Amino acid sequence: MTTSQEEKLPSSLPRPPDELERLERAWKPPDGWRRLSAVNNSQVGLFYIATALLFFVLAGVLGLMMRAQLALPDSNLMSPSTYNQVFTMHGTVMMFLFAVPVVEAIAVYLLPAMLGARDLPFPRLSAYAFWAYAIGGIAFFCTIFFGVSPDGGWYMYPPLTGKEQSPGLGADFWLLGIGFIEISAIAGAIELIIGIVFTRAPGMSLGKMPVFAWAMLVTAVMIVFAFPAIIAGTLLLELERAFDWPFFIAARGGDPILWQHLFWFFGHPEVYIIFLPAAGMVTMMVPTMARTPLVGYRAVVIALVAVGFISFAVWIHHMFTAGLGGNAMLIASVASFAVAIPSGTQVFSWIATFWKGRVQMKSPTLFLLGFHFIFVLGGLTGVMVAVLPFDWQVHDTYFIVAHLHYVLIGGMVFPVFAGFYYWAPLLNGHRLSERLARWVFGLMFAGFNLAFFPMHITGLMGMPRRVYTYAGDLGWNGLNLLSTVGAFIFALGVLLFFIDAARLVLQKTKVPHGNPWGASTLEWLPQDDYGVRSIPRIDSRDPLWSRPSLEAEVVAGRYFLPGTLSGKRETLVTSWRAAEPRHLLVLPTDSWWPFIAAAGTAGFFLLLTVSQVLIAFTCGIVAVASIVIWLWQSDNPPHAEKAEVGDGIFLPVGAQGSASHSWWAMVILLCVDASVFASLVFAHVHVAMAAEVCPPPGASLPQGVWPLRAAALLLAGSAAMAGAQWALGKARRASVWTLVLLALLCLLTAAGLEAQGHHLAGLQPVANAWSATVAALLAWQGFHVLVLAVMGGYVCARSWSGKLLLEAHASLDNTVVLWHYVTVQGLAGMGIIYLMPLV
């Protein structure tokens, strides 16, 4: 943007009278039961938050049941099997259905307004992610009412969860249900990354970005690389249970420790995936409640990135007593100590900001101070368990239970409740009750510490984790009773909060909403379904403090996009570093297809669990068809080549290739894909290195001619797809679909040759773990072949219908990117399988 263009903003020109009406009409949400088809972040975010809180309550009820069982020695309130199910569901629901989803939900609701965007760039993907999570999560929870919920612990360690020890459906519900719920979390992460990087308000450079946006960006990137490990682990364990492929059965060359590696490579980063968004919320609230800018902005951002990076080296922290060897333990211990340094940097920044400012002792401040006390204590015990000799003594005791809850509840629940009190006025202009807030905080803070602090002592006295009862002569009676009383006091505080929240929701909307805390960031500008009236240019980290006139200028429509240029929903795409405007993005509107696709996805996984194969595959076909239909409605030619987004400022409408947000979303999806593949490769290498002979007796590899032919065909297929892109650029439409069909033929033939080679070599996945991991790698590549078959057919259909144009060819671009990746993945898989015996 030129200097002369910048000087035209803000504009003093009067806005056309119908401009606001067109904007409101374009963003008007559906009414009544049709609201289920809404995709706008202001609607989906509220659905998301409400559903996450529902799971918080359900998991809390299960926790109270556990504490009731443990209140007295030799209790028979629940049977051992029932307690195991309750224990497993409590941990699973809290970790998978509340902790991660609630922070993603808050981000979906807050970030567009905080970034000055109209909406996130993939609103239908957000809706799909939510409905997949909600439908699948509720169905999964309902298994507890039928006695078929999992009972192997939320960590699902084999061989306890293998078919021999857990013959029922409980483990299958966990593996298939949680596996696809993680997929919805990844979909949300892709949406957040693209939204944060490319849809910030003009001028909001990386150095001016709100810390919460930084926290969610780091968190989303962590999800992209951490969650694939648990997806790979659940796939392997379900294949073992369903087809007797012995990945974790030691008698046939498998290793139960392999599951722990995969699970905790996801599980320990997940602790920080939960904590970092909460820390980001704290960093947004502390300056406002202290009435002063944040102390050490850059240090806090660096600390967020450092925590995200170091957390991936700490997974063995959970395997200190697994006998992995001294060097591995030393590395994990050092990483466990090191991660405390950037975490402490954030704590000192918050304390310094409070010290520097004039603190408002309001409800958010109370929860922030409670968070500081509890989280710091949890961090100190975390450093204690990083000391190897100490951890060997307390690793599987209630000391770890106490540490876990101090970190997770103190580090996430208290900041989230502070956030509810802080951002509640954004809902309808009303605040939660300050008087009742003191009771809520007092009960939650006192109840929490009464419940969990005694567990440190019971753990040091030897009480093991995961027991459903205990003898009365061990000295734990009084401490367990205190913990139970504290848990119910904590629950009473939560109940009071929900009573107050219900009162707030039922109140009529107050216009204007106002800014009761005197906050400095953009989400406190007057908002509607379309976000702000016009997208402002940002020149500081605290725009509402540095420019008091900004609110009036935005409301007057003096900045970017004061109306809708196409009659549809729109937002600006800006450059990733300096946030300079690049092009206008036309967003999709409300649709039932994400809801139908999510219901079909949930039905496929859940019905497959109960062996309803035909109905399950019908649901899968419905899901795929729904996604194809919603994609068919996108990737259309722009309504104009350029559009006036501000007075005298013209930008291109839409973008193609690497300038497109969908192209970058595909790249991030491939990072997820590659991480799953890397996890499967790790499983193969782990099993191969443990074998005395590789391949083991009875197993063999195909002759070299088979992989060479398959590799040549994979490369030929990629070349044909590159040719299709070239042909489209030359407007040779017939050549495009001809080359795509040729690429499909090469791909399918390559897959057939590779499968035939292993068949002739006598591959038997049930015989040993090495063969099973080879079969898993082949199956993963085969899955990608099926996906590319669908995408190739889709591209051909677009070409035949005349919708694949020079002005709209994202479907071809994204398919080509995936095609090249699958080629590389196929070559890498063949290379690893054939080279491992040599190594």
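The values are calculated or read from the model by the stated rules, or taken from the named source; none is laboratory data. Just so it is clear, the structure is predicted and the values come from calculations on it, not from any experiment. With ideal geometry, Cβ positions are generated from the backbone for all residues, glycine too; neighbour counts draw on all protein chains shown. The protein model used for the area step is the full one, side chains on, heavy atoms only, and it has no ligands, DNA or RNA in it. Shrake-Rupley method; radii C 1.70, N 1.55, O 1.52, S 1.80 Å.
Checking every residue in the stretch 209-220 against the condition of being β-branched (V, I, T), touching a Ser or Thr at 6+ places or on another chain (Cβ under 7 Å) and either at pLDDT 95 or above or crowded, with 24+ Cβ neighbours inside 10 Å (or both) gives at least one match.
Table: residues versus (1) modelled with pLDDT under 95; (2) farther than 25 Å from M384 by Cβ; (3) of a type in the set (V, I, T).
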{"position": "F417", "(1), (2), (3)": "no, yes, no"}
{"position": "N428", "(1), (2), (3)": "yes, yes, no"}
{"position": "I457", "(1), (2), (3)": "no, no, yes"}
{"position": "Y470", "(1), (2), (3)": "no, no, no"}
{"position": "L479", "(1), (2), (3)": "no, no, no"}
{"position": "A491", "(1), (2), (3)": "no, yes, no"}
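For every residue, the table says whether it meets (1) in contact with a Pro (Cβ under 6 Å, 6 or more places away or on another chain); (2) open to solvent by less than 10 Å² (accessible area, probe 1.4 Å).
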| residue | (1), (2) |
| --- | --- |
| M222 | yes, yes |
| I231 | no, no |
| A250 | no, no |
| W259 | yes, yes |
| G267 | no, yes |
| V282 | yes, yes |
| G296 | no, no |
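For the residues V774, V766, the requirement of being within 17 Å of A699 (Cβ to Cβ), in contact (Cβ under 8 Å) with a residue 40 or more places away in the chain and part of a loop (DSSP other than H, G, I, E, B) singles out V766. Of the residues making up the stretch 534-563, those that are in a loop (DSSP other than H, G, I, E, B) and open to solvent by 30 Å² or more (accessible area, probe 1.4 Å) are R537, D539, R541, D542, R547, P548, S549, A556, R558. May I ask you to verify whether V218 is in a helix (DSSP H, G or I), within 28 Å of A117 (Cα to Cα), of a type in the set (A, V, I, L, M, F, W, C) and in contact with a Cys (Cβ under 6 Å, 6 or more places away or on another chain)? Spelling it out, it is not the case that V218 is in a helix (DSSP H, G or I), within 28 Å of A117 (Cα to Cα), of a type in the set (A, V, I, L, M, F, W, C) and in contact with a Cys (Cβ under 6 Å, 6 or more places away or on another chain). Set side by side, the residues F130, F173, F96 differ, and just one is assigned to a helix (DSSP H, G or I), within 29 Å of L36 (Cβ to Cβ) and open to solvent by 10 Å² or more (accessible area, probe 1.4 Å), which is F173. Against the conditions (1) outside any helix (DSSP H, G or I); (2) closer than 23 Å to K208 by Cα, E523 satisfies every one except (1). Just one residue in the set Q703, Q725 is open to solvent by 60 Å² or more (accessible area, probe 1.4 Å), modelled with pLDDT under 95 and among the polar types (S, T, N, Q); that residue is Q703. Of the helices (runs of 4 or more DSSP H) contained entirely in the stretch 383-438, those carrying at least 1 residues that are in contact with a Lys or Arg (Cβ under 9 Å, 6 or more places away or on another chain), open to solvent by less than 40 Å² (accessible area, probe 1.4 Å) and farther than 21 Å from L460 by Cβ fall at 414-423, 425-428. Test E807 against the stated conditions and say whether it is more than 30 Å from M689 (Cα to Cα) and either surrounded by 21 or more Cβ atoms within 10 Å (Cβ to Cβ) or not aromatic (F, W, Y) (or both). Here the answer is yes, as E807 does meet what is asked. Of the residues making up the stretch 568-587, those that are under 15 Å from D529 (Cα atoms) and surrounded by fewer than 20 Cβ atoms within 10 Å (Cβ to Cβ) number 1.
Of the residues examined, D635 is not one that is modelled with pLDDT of 95 or more, crowded, with 18+ Cβ neighbours inside 10 Å and among the charged types (D, E, K, R). Could we say that A712 is over 36 Å from the mean Cα position of the chain (by Cα) and loosely packed, with under 15 Cβ neighbours inside 10 Å here? Yes. Residue count for the stretch 750-790 satisfying the condition of being touching a helix residue (DSSP H, G or I) at 6+ places or on another chain (Cβ under 6 Å), among the polar types (S, T, N, Q) and open to solvent by less than 60 Å² (accessible area, probe 1.4 Å): 3.
Of the residues making up the stretch 348-358, one or more are modelled with pLDDT of 95 or more and farther than 22 Å from W517 by Cβ. Selection of helices (runs of 4 or more DSSP H) fully inside the stretch 278-373 by the criterion of at least 1 residues being touching an Asp or Glu at 6+ places or on another chain (Cβ under 9 Å) returns 326-338.
Within the stretch 577-598, the presence of a residue that is closer than 24 Å to G168 by Cα and in a helix (DSSP H, G or I) is excluded. In the condition set (1) open to solvent by 20 Å² or more (accessible area, probe 1.4 Å); (2) under 29 Å from the mean Cα position of the chain (by Cα), G308 is compliant with all but (1).
Filtered by the rule that a residue be in a loop (DSSP other than H, G, I, E, B), buried (at least 18 other Cβ atoms within 10 Å of the Cβ) and of a type outside the set (S, T, N, Q), the stretch 26-56 gives A38, V39.
Within the stretch 456-486, being part of a helix (DSSP H, G or I), open to solvent by less than 40 Å² (accessible area, probe 1.4 Å), under 15 Å from A68 (Cα atoms) and in contact (Cβ under 8 Å) with a residue 40 or more places away in the chain holds for N480, S483, T484, G486.
Selection over the stretch 487-520 of residues that are open to solvent by 50 Å² or more (accessible area, probe 1.4 Å), under 29 Å from M78 (Cβ atoms) and of a type outside the set (A, V, I, L, M) gives a count of 2.
Of everything in the stretch 170-205 that is acidic (D, E) and touching a Ser or Thr at 6+ places or on another chain (Cβ under 7 Å), the residue that is nearest to G267 (Cα to Cα) is D172. Considering the stretch 816-837, the residues that are open to solvent by less than 10 Å² (accessible area, probe 1.4 Å) and among the β-branched types (V, I, T) include one that is farthest from V705 (Cα to Cα), namely V816.
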